[in-house]
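These notes are about the structure you will find just below.
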Amino acid sequence: MFFASSIDRVASHIVGKIEGGVDGLKSVFINTAAEAEEGDKSWMEIDRTGLNEAGIKTFDYTITGKTKSDLERDLGDCEWIHVNGGNAFYLLLQMRKSGFDQFIKRQINKGVIYSGSSAGSIVAAPDIEITKCIESKDFEKELGSFEGLGLVDFITLPHWGGDDFRELYLNQKIKSAYRKGNKIILLNDDQYVEVVDGNYKIVDVTKD
């Protein structure tokens, strides 16, 4: 598994870790989290292009409105599943509704590669409550709980140090996150977390 802030900045580095390369891998770009965002979404195109230029040829897919059988039919043979950014609470809600939360765990256990960018990295955590004051909007009411996918035992807070996120971190996120028991990785846009067999490390592509 690979968790990034901005997948376009690190995709080529990640591809270099894949034994045998990525040519011919069936790969999907899940764009669901962006559905809850307003305004310019050019960042989504940048993320997709970054993956494609790194050799990961994707097709777009949303899990919104899908069923468990839809997921098995459409994604069951995918070898790389990338979940892109946007609103993490909306994304988690659609994961639960569609059954993707259980589907992705089964696929990872089969050896499928999971990569996340921003919200796609956040939802892998055991719990995403510490981000609720930022982006939950009305989705937390429908969610009922903040339990994440639990793919790892930490929560990734992406875009650390970025100018666009300075206000959110200093005035909101840090206040919510600063409590005993939270295991947090503050990840900047040139870093990603690599998880292999339960072990993880932070990789900085500017230092390799």
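The values are calculated or read from the model by the stated rules, or taken from the named source; none is laboratory data. Predicted model, so just to flag it, every value in this text is computed and none were measured. Every residue, glycine as well, gets a Cβ built from its backbone with ideal geometry; the counts of neighbours run over all protein chains shown.
Could you tell me which of the residues D204, D197 is at pLDDT 85 or above, within 30 Å of K110 (Cα to Cα) and more than 18 Å from the chain's Cα centre (by Cα)? Spell out the reasoning first.
On the way: D204 fails: more than 18 Å from the chain's Cα centre (by Cα).
None of the other options fit; the residue is D197.
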When you scan the stretch 7-22, do you find a residue that is among the hydrophobic types (A, V, I, L, M, F, W, C), buried (at least 17 other Cβ atoms within 10 Å of the Cβ) and under 26 Å from F146 (Cα atoms), even just one? yes
Filter pass, D101 being charged (D, E, K, R) and under 14 Å from the mean Cα position of the chain (by Cα): yes
For residues that are buried (at least 21 other Cβ atoms within 10 Å of the Cβ) and closer than 17 Å to A11 by Cβ, tally how many sit in the stretch 29-47. 4
Kindly check whether there is at least one residue in the stretch 33-46 that is closer than 26 Å to N109 by Cβ and either in contact with a Ser or Thr (Cβ under 7 Å, 6 or more places away or on another chain) or free of Cβ contacts under 8 Å to residues at least 24 places away in the same chain (or both). no
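Output the strands (runs of 3 or more DSSP E) that fall wholly within the stretch 1-120 and possess 2 or more residues being modelled with pLDDT of 95 or more, of a type in the set (V, I, T) and in contact with a strand residue (DSSP E or B) (Cβ under 6 Å, 6 or more places away or on another chain), or say none. Even if it seems obvious, please write down each step before you answer.
On the way: elements: 2-4, 27-30, 58-61, 80-83, 113-117.
Where strands (runs of 3 or more DSSP E) fall fully within the stretch 1-120 and carry at least 2 residues being modelled with pLDDT of 95 or more, of a type in the set (V, I, T) and in contact with a strand residue (DSSP E or B) (Cβ under 6 Å, 6 or more places away or on another chain), they are 27-30, 80-83.
Rundown of residues vs (1) crowded, with 17+ Cβ neighbours inside 10 Å; (2) among the charged types (D, E, K, R), yes/no style:
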residue: R73; (1), (2): no, yes
residue: C78; (1), (2): yes, no
residue: H82; (1), (2): yes, no
residue: N87; (1), (2): yes, no
residue: Q94; (1), (2): yes, no
residue: Q102; (1), (2): no, no
residue: N109; (1), (2): no, no
